[in-house]
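Below is one structure; the comments refer to it alone.
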Amino acid sequence: FQGGDTCEYLLSSGRFLGEKVWQPHSCMMHKYKNSEAKNCLIDKHIVFIGDSRIRQLFYSFIKLINPQVKEEGNKHGNIPFEDKSASIKVDFLWYPEVNGSMRQRIKSWTEGSVAKPHIIVVGAATWSIKIHNGSNEALAQYKINITSIAPLLEKLAKSSDVYWVLQDPVYEDMLSESRKMITNEKIDAYNEAAVRILNSSSRNSKAKVKVFSVSKLIAQETIMKSADGLHLPESSRDTNAMILMNVYCNKIMKPIDGSCCQPQPPLTLIQKMAFCFFTLSIIGYLIISLIHRNNYRKNKSCTDLESGEERKPSISTPNVSTLEMLLYSFCKLGLIMTYFYLCDRANLFMKENKFYTHSSFFIPIIYILVLGVFYTENTKETKVLNREQTDEWKGWMQLVILIYHISGASTFLPVYMHIRVLVAAYLFQTGYGHFSYFWIKGDFGVYRVCQVLFRLNFLVVVLCIVMDRPYQFYYFVPLVTVWFMIIYATLAIWPQIVQKKANGNCLWHFGLLLKLICLLTCIYFLSYSQGTFEKIFSFWPLSKCFELNGNVYEWWFRWKLDRYVVFHGMLFAFIYLALQKRQMISEGKGDPLFSNRVSNVLLFISVVFFLTYSIWASSCKNKTECNELHPSVSVVQILAFILIRNIPGYVRSVYSSFFAWFGKISLELFICQYHIWLAADTKGILVLIPGYPIFNVLVSTFIFVCVAHEISQITNDLAQIVVPKDNSTLLKRLLCIAGFFSGLHLFSAIQDQSRH
């Protein structure tokens, strides 16, 4: 941490990721669309003053507003541009030399009540070198001229954003004979003079001319691709224009993936209250710990000096009280949430953009898969989808998803489609697991529902408060929460059909199938009736949970993407448990699931379907079209995997304890990655150790996994306290929780009102 302004880093330093992606030092750059650029620059006047290089930058800049603009007109004259829809004016003023004419134009903006441009971009030098044949006298005159202009620019910088563009290096071997005198040595001398003179009279002032020196670094990497050795290739010019847009617009538009030039967001009322709560919890825990320690010392065994025997204390060491456990959990959680805030809300640690390469995704995948094989152990039971196996399944899927996110692999469509299947597989397990529990146990009590809801939502609710994010932002938790409630409602409403009842009369199986058909019909209807879906979830208080950016479209999109897979999981559980009850499958240790012949045929079909899906996903060309088919076909690869994993007896009898360990904390890993492994709400990468990317990933990953494990333990401990088995006590706790959320909603409304 250097304490520097990220705007300075954006304007002065960075590196290329690959050939075309520019990574500023310490922060993330947003890629502005033309609609965003218009919203930022509405009613603004921008002026570019200089030579042909500045003209290039001017054209790249206005193409961010209107991509249809063509580079035509008088190259050695003024060029106006106006976007009437957003009242944006952008002018290029042809002043190829820093001289009296340029000074007069700049001076006109400092006098009287003349309207000043909001942004001024200035730069020139190569014409002075060319016209005067690179003479020292020309350099001396340049220094005199820029000295006379500098105070005017500094005066303008008090009310406008003023940028001085340093001269880019040239590729001397490609220069024409008429430009041979423009050498990099001369350019460096002119740049040095500009940097030394500009802001010399306002060193301690906040209003400064911003020196745009990053263009030099970009040119050093790309000038070899120049058409004439002097002018930058188009991709480099576009990068410079995007940097300029980020410098000005990030503080206005506040894009999530544009951390450069963004000030630290102020603490909200709810965040301040959360800070006070965690502080009081830490103080309370320390006080109780000190009291218990003093009591323990007083009652500690001591030696009877006369008899030489040990005397037992009159009072035994007290057990940890519920209050102490509660304060201890909140104490740990408070420290962890402080780390979350520092990583992704305070401008303390660096953030960088993601950049995808095949090696950055596939090498870690191969590594963890090989590692998982080395931790093979025997399962305690050999049933299909036993606990160890489902934990293993969740674990390796979660690790693959984490690598997918940090490597930015969403840009590669075949990988994206396979990751979509992994997300669907999580939801499949949700349908399978909860259906199996309710079907076998028949436990529809409030305690079970509250336990599940608490474990799913506790971390997300805390993060919504601490990180100032809506509930729907952590989309996966709302998704599994709603599906759990749908499964519960489907099985709990009259008539309640469970395995015990169905065993007495086979007709109950048809009753359950009828319920599942009704569920499928409702899903199908909602999936093709966006208006009805949005009306349901736009009612208060559901709207507070499912709105994102003022509407529920994101929730609709997420729900629709995997709308059938939970139903598939429920149906699979029903069929499997029915076959198991009738002893139509063999689940003994080492035994194939069916007879050898049937097992071999099913195994062959499963492998074929598994590979067929992968081939289809890998051949996808259009994400929208593939997403349309995904809900109906994702179950093919999921079922194929289950059969491949469970039909052979030996394969079903072993599991990877390495993957299973991660599977037990998979939910925490998925949620925590948003802020303490990735950065800027998953849009970038957290940088704890700059300059050493592999070492940085190792350190941040170690902390991230430890934190996720700790939060899992905290959630389990608090679940036992907050959700007791006694119904009367549970009812009181539910009333307290309802009061908490009511208060949270009230403070949220006050907070929103103060923002507006």
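The values are calculated or read from the model by the stated rules, or taken from the named source; none is laboratory data. Fair warning: this is a prediction, and the values are worked out from it, not measured in the lab. With ideal geometry, Cβ positions are generated from the backbone for all residues, glycine too; neighbour counts draw on all protein chains shown. In case anyone asks, the SASA skips ligands and DNA or RNA and just uses the protein heavy atoms, side chains included. Shrake-Rupley method; radii C 1.70, N 1.55, O 1.52, S 1.80 Å.
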Exercise. For a label point 7 angstrom out from the Cα of D681 toward its Cβ, which stretches of the stretch 469-501 have the backbone nitrogen within less than 16 Å?
Worked result: 469-478
Exercise. With the calculation restricted to Cα positions, what are the radius of gyration and Dmax of the stretch 349-723 in angstrom?
Worked result: 21.1, 69
Problem set entry | Per residue solvent-accessible surface (Å²) - the stretch 6-253, probe of 1.4 Å | 45
Exercise. What does the charge dipole of the stretch 349-723 about its Cα centre add up to, to the nearest 20 debye, if the Cβ of each Lys and Arg holds +1 and the Cβ of each Asp and Glu holds -1?
Worked result: 800
For this session: Quick one, can you get me the convex hull of the C-alpha atoms of the stretch 523-634 expressed as volume per residue in Å³?
Result: 166
Exercise. Which value, in Å² and to the nearest 10, is the accessible area of S176 when all protein chains are kept and the probe is 1.4 Å?
Worked result: 50
For this session: Just name one of F510, C450, V482: the one whose Cα is farthest towards the positive end of the charge dipole of the stretch 418-512 (beta-carbon charges, Lys/Arg +1, Asp/Glu -1).
Result: F510
Exercise. Per-residue HN-Hα couplings for the stretch 44-53, Karplus 6.51 cos²θ - 1.76 cosθ + 1.60 at θ = phi - 60°, whole Hz, x for Gly and Pro?
Worked result: 10, 10, 10, 10, 10, 10, x, 9, 5, 5
Problem set entry | 3J(HN,Hα) from dihedral phi, the stretch 69-85, Karplus parametrisation 6.51/-1.76/1.60, rounded to Hz, x for glycine, proline | 5, 10, 7, 9, x, 6, 5, 10, x, 6, 10, x, 9, 9, 10, 5, 5
Exercise. Which sequence of D188, D717 reflects their accessible areas, 1.4 Å probe, from the largest down?
Worked result: D188, D717
Exercise. Based solely on its DSSP helices, what 222 nm [θ] is calculated for the chain when runs of n ≥ 4 H residues each add -39,500 (n - 2.57) and the sum is averaged over all residues, nearest 500 deg cm²/dmol?
Worked result: -20000 deg cm²/dmol
For this session: Within the stretch 401-444, find all residues whose amide N lies under 13 Å from a label point positioned 7 Å from the Cα of V651 along Cα-to-beta-carbon.
Result: none
Problem set entry | Those lysines that a straight Cα-Cα span of less than 21 Å connects to K725, excepting residues fewer than 8 apart in one chain | K441
Seminar exercise, completed: Too long for a 22 Å Cα-Cα cut-off, among K84/K116; K143/K210; K500/K664; K89/K251, are K500/K664
Exercise. Under a point-charge model restricted to the Cβ atoms of Lys and Arg (+1) and Asp and Glu (-1), what is the dipole moment magnitude of the chain relative to its Cα centre, in debye to the nearest 20?
Worked result: 1300
For this session: Could you give the spread of the C-alpha atoms of the chain along their three principal axes, from largest to smallest, in whole angstroms?
Result: 102, 83, 52
Problem set entry | the stretch 579-683: translational diffusion in µm²/s, Stokes-Einstein, Kirkwood Rh over Cα pairs, 4 °C, 1.567 mPa s | 77
For this session: Keeping all protein chains in place, calculate the accessible area per residue for the stretch 349-723 (probe 1.4 angstrom), answer in Å².
Result: 45
For this session: Tally up the carbon and sulfur contribution to the accessible surface of the chain as a whole percent, 1.4 Å probe, everything protein left in place.
Result: 60
Exercise. For the peptides 127-138, 212-223, what is the packing order when you average, over each peptide's residues, the other Cβ atoms within 10 Å and list the highest mean first?
Worked result: 212-223, 127-138
Exercise. Listed highest first by mean packing, meaning other Cβ atoms within 10 Å per residue, what order do 464-473, 493-502 come in?
Worked result: 464-473, 493-502
For this session: For W94, list long-range residues whose amide hydrogen, built 1.01 Å from N in the peptide plane, is under 5 Å from its own amide hydrogen.
Result: N78, I79
Problem set entry | Relative packing of peptides 44-52, 552-560 - highest average C-beta neighbours within 10 Å first | 44-52, 552-560
Problem set entry | Candidate aspartates and glutamates - alpha carbon under 16 Å from K155, same-chain residues fewer than 8 apart omitted | E111
Exercise. If the cut-off is 13 Å between C-alpha atoms, which aspartates and glutamates fall inside it for K560, apart from same-chain ones fewer than 8 positions away?
Worked result: E534, E628
Problem set entry | Given charges at Cβ of Lys, Arg, Asp, Glu: the stretch 230-296 dipole, positive-most of M245, Q271, S235 | Q271
Seminar exercise, completed: When the charge dipole of the chain is computed with +1 at the Cβ of Lys and Arg and -1 at the Cβ of Asp and Glu, the Cα pointing farthest to the positive end, of H132, F374, S595, is that of S595
Problem set entry | From phi via Karplus (6.51, -1.76, 1.60), per-residue ³J(HN,Hα) for the stretch 618-632 in Hz, x at Gly/Pro | 6, 9, 4, 10, 10, 4, 4, 5, 5, 5, 5, 7, 3, x, 8
